[in-house]
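Enquirer: Structure provided below as structure tokens; questions to follow.
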Ligand code: MSP
């Protein structure tokens, strides 16, 4: 399976929107591995285009120097917050350039490209030609297009319109757009766009920073046409590079994780039509997992509003665990959410520090204190023990179901339900009271065994989201192989009778806001 994110524009710094998509995809990739399914996780940067050329010029740098600086910023952040990708797609890479050029030559040979002259309006900000359909109700071009100029130009076009009838039928018959509700939006857009071809070149006199056309050296490739191809050029398409994966193997079951703003027209129309023109069969079309946006108090994040949230600073102030947890816990995949630092702290403190932290503390600390760190389950079990085991089985099933549907927030809710169940069980069983009477020693051990066994399962379920915290729990449980087993190998009894745990240390220390904001 190939899991990809959108490749981020290198004309600015990463914000929490970028971080969310990368962490979400990282979590999904780690979950696939946890299920024992092979997965190749590809992410990267979109380095060409007019905006990059302009920003570089403003900063007094060449585009090459500028993208090198910004790319390093993205890579450093992904490393810091544990985004563990397999492949890095940077569109200035020679392997990508040569793949784009091969595809252009191939499409030209197939009669999919033609050159024509066009006179009309062009949005400098969006780097695209505008038609009357893009006008607002007052007949003008709205602020979303930025500066609009009139130009007359000869360019290369891709026969997009030759593929839209196929695309409409394909989308109607197949569930490749997730969540489902985005499909209607795409089909509407497709009807509005049918009949238009796509301009895929820019004359060098206007833009130099792009991939040169192999058969017309006065032109570079339109940035979206170039960028979309990253999904195959870095997945081994064309089979020219031994250092890239085997395309046939990894392309099966491809999922592109993208934001809602780039479904129409780029991914939902251009990309499907490009693949179709290249000869990809229906069963080889990727799925699009379309996520929503993080906003700030209902507003879009923007430099102009000065409300851009920097994930790097959040990680420094509150820790990587709190950031990763909030990014996938406080948004339902597909929907929008409001980002709020207070919620980040609240979620960490209630769900991790209080609930899960409390469970770990009870299971591991009390085992050290009351049974010398030795775990033992004594029979017969009581109904409350069996109910706890049932709660864990339910939680595991709901967790897998949610993760299989890319719904990480729901999966974490299922995990948390079991954690709460365990804490209620502990409060009801009161091992600290039971332990006062030596006659209860078997019962104390059995209760602590149930708690520790739950911690082991929770560590595995939590591992795609918080891999480092899970590794710490596995180590304190003295189960070094815990995280190398697959989800279907999880069953009650991970801890053998007589198992000795290691010294416990708090894994989810409470965030103290004053201290965090002062630092
Ligand atoms: N370079 C293009 C993608 C090319 S893919 C072949 C691009 N880059 S971007 O940097 O503007 O956005 C990268 C990803 O971040 C997109 O999927 C976009 O939807 C996502 N997000 C940007 N802002 C976001 C939020 N505020 N919230 C969540 N994700 C958002 O588009």
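Enquirer: Scan 367, 337 and give me the residue that is within 12 Å of the ligand (Cβ to nearest atom), more than 30 Å from residue 158 (Cβ to Cβ) and at pLDDT 95 or above.
Expert: Checking each option against the conditions leaves just 337.
Enquirer: Tell me, which helices (runs of 4 or more DSSP H) lie completely within the stretch 349-433 with 1 or more residues that are closer than 30 Å to residue 24 by Cα and touching a helix residue (DSSP H, G or I) at 6+ places or on another chain (Cβ under 8 Å)?
Expert: On the way: elements: 357-360, 366-371, 383-404, 408-429.
Result: 357-360, 383-404, 408-429.
Enquirer: Moving to a separate point now. Could you go through the stretch 430-441 and let me know if any residue there is crowded, with 20+ Cβ neighbours inside 10 Å and at negative phi.
Expert: Yes: one or more hits.
Enquirer: Just to check your reading of the model, which residue among 51, 58, 115 is more than 27 Å from residue 1 (Cα to Cα) and without any contact (Cβ under 8 Å) to a residue 60 or more places away in the chain?
Expert: Exactly one of 51, 58, 115 is more than 27 Å from residue 1 (Cα to Cα) and without any contact (Cβ under 8 Å) to a residue 60 or more places away in the chain, namely 58.
Enquirer: Look at residue 359 and say whether it is in contact (Cβ under 8 Å) with a residue 60 or more places away in the chain and more than 30 Å from residue 298 (Cα to Cα).
Expert: yes
Enquirer: Please indicate, with yes or no, whether at least one residue in the stretch 119-140 is loosely packed, with under 12 Cβ neighbours inside 10 Å, more than 31 Å from the chain's Cα centre (by Cα), modelled with pLDDT of 95 or more and not in a helix (DSSP H, G or I).
Expert: The answer is no, given that none of the residues of the stretch 119-140 is loosely packed, with under 12 Cβ neighbours inside 10 Å, more than 31 Å from the chain's Cα centre (by Cα), modelled with pLDDT of 95 or more and not in a helix (DSSP H, G or I).
Enquirer: Can you tell me which residue is surrounded by the fewest Cβ atoms within 10 Å (Cβ to Cβ) among those in the stretch 311-335 that are part of a loop (DSSP other than H, G, I, E, B) and touching a helix residue (DSSP H, G or I) at 6+ places or on another chain (Cβ under 7 Å)? Working first, answer last.
Expert: Within the stretch 311-335, the first condition is being part of a loop (DSSP other than H, G, I, E, B), and the residues that meet it are 319, 330-335.
Cutting the leftovers down to touching a helix residue (DSSP H, G or I) at 6+ places or on another chain (Cβ under 7 Å) gives us 330-333.
On the way: 330: 19, 331: 21, 332: 15, 333: 21.
Among those residues, the one meeting the criterion is 332.
Enquirer: When residue 274 is evaluated against the numbered criteria (1) at negative phi; (2) crowded, with 20+ Cβ neighbours inside 10 Å; (3) away from the ligand (no atom under 16 Å from the Cβ), which criterion, by number, is the only one it fails?
Expert: All conditions are met except number (3).
Enquirer: Just one of the numbered conditions (1) surrounded by fewer than 23 Cβ atoms within 10 Å (Cβ to Cβ); (2) more than 16 Å from the ligand (Cβ to nearest atom); (3) within 27 Å of residue 309 (Cβ to Cβ) is not true of residue 50; which one?
Expert: Every condition holds for residue 50 apart from (2).
Enquirer: Continuing with the same structure: Residue 253 is checked against (1) within 12 Å of the ligand (Cβ to nearest atom); (2) touching a residue at least 60 places away in the same chain (Cβ under 8 Å) and fails just one. What number does that condition carry?
Expert: Residue 253 satisfies all of (1) within 12 Å of the ligand (Cβ to nearest atom); (2) touching a residue at least 60 places away in the same chain (Cβ under 8 Å) except (1).
Enquirer: Moving on. Of the residues 239, 298, 319, which single one is on the phi > 0 side of the Ramachandran plot, modelled with pLDDT under 95 and away from the ligand (no atom under 16 Å from the Cβ)?
Expert: The conditions single out 239.
Enquirer: So for the stretch 469-477 (the condition being surrounded by fewer than 21 Cβ atoms within 10 Å (Cβ to Cβ) and outside any helix (DSSP H, G or I)), does at least one residue qualify?
Expert: No, the stretch 469-477 contains no residue that is surrounded by fewer than 21 Cβ atoms within 10 Å (Cβ to Cβ) and outside any helix (DSSP H, G or I).
Enquirer: Determine if the stretch 34-44 includes at least one residue that is within 15 Å of the ligand (Cβ to nearest atom), crowded, with 23+ Cβ neighbours inside 10 Å and under 19 Å from residue 55 (Cβ atoms).
Expert: Yes, the stretch 34-44 contains at least one residue that is within 15 Å of the ligand (Cβ to nearest atom), crowded, with 23+ Cβ neighbours inside 10 Å and under 19 Å from residue 55 (Cβ atoms).
Enquirer: Here's another thing I want to ask about it. Is at least one residue of the stretch 88-106 within 27 Å of residue 276 (Cβ to Cβ), more than 30 Å from the chain's Cα centre (by Cα) and surrounded by 13 or more Cβ atoms within 10 Å (Cβ to Cβ)?
Expert: Among the residues of the stretch 88-106, at least one is within 27 Å of residue 276 (Cβ to Cβ), more than 30 Å from the chain's Cα centre (by Cα) and surrounded by 13 or more Cβ atoms within 10 Å (Cβ to Cβ), which makes the answer yes.
Enquirer: Quick check on the stretch 182-195. Is at least one of its residues under 24 Å from residue 10 (Cβ atoms), under 23 Å from the mean Cα position of the chain (by Cα) and either within 16 Å of the ligand (Cβ to nearest atom) or at pLDDT 95 or above (or both)?
Expert: Of the stretch 182-195, the ones under 24 Å from residue 10 (Cβ atoms) are none.
Within the stretch 182-195, none of the residues are under 24 Å from residue 10 (Cβ atoms), under 23 Å from the mean Cα position of the chain (by Cα) and either within 16 Å of the ligand (Cβ to nearest atom) or at pLDDT 95 or above (or both).
Enquirer: Mind listing whichever residues of the stretch 200-212 are under 23 Å from residue 111 (Cβ atoms) and either buried (at least 24 other Cβ atoms within 10 Å of the Cβ) or within 16 Å of the ligand (Cβ to nearest atom) (or both)?
Expert: 200, 201, 202, 211
Enquirer: Given the conditions (1) touching a strand residue (DSSP E or B) at 6+ places or on another chain (Cβ under 7 Å); (2) crowded, with 17+ Cβ neighbours inside 10 Å, which single one is not true for residue 307?
Expert: Tallying (1) touching a strand residue (DSSP E or B) at 6+ places or on another chain (Cβ under 7 Å); (2) crowded, with 17+ Cβ neighbours inside 10 Å, residue 307 fails exactly one: (2).
The rows are residues; the columns are (1) in contact with a helix residue (DSSP H, G or I) (Cβ under 7 Å, 6 or more places away or on another chain); (2) at pLDDT below 95; (3) within 16 Å of residue 230 (Cβ to Cβ).
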residue	(1), (2), (3)
55	yes, yes, no
67	yes, no, yes
75	no, no, yes
80	yes, no, no
103	yes, no, yes
108	no, no, no
112	yes, no, no
117	no, no, no
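Enquirer: Taking the options 9, 20, name whichever one is within 30 Å of residue 246 (Cβ to Cβ) and either near the ligand (Cβ under 10 Å from one of its atoms) or crowded, with 18+ Cβ neighbours inside 10 Å (or both). Outline the logic, then answer.
Expert: Details: 20 fails: within 30 Å of residue 246 (Cβ to Cβ).
Going through 9, 20 in turn, just one is within 30 Å of residue 246 (Cβ to Cβ) and either near the ligand (Cβ under 10 Å from one of its atoms) or crowded, with 18+ Cβ neighbours inside 10 Å (or both): 9.
The values are calculated or read from the model by the stated rules, or taken from the named source; none is laboratory data. Owing to the predicted nature of the structure, the values given are computational and were not obtained by experimental measurement. Glycine gets a Cβ as well: all are built from the backbone with ideal geometry, and neighbour counts include every protein chain shown.
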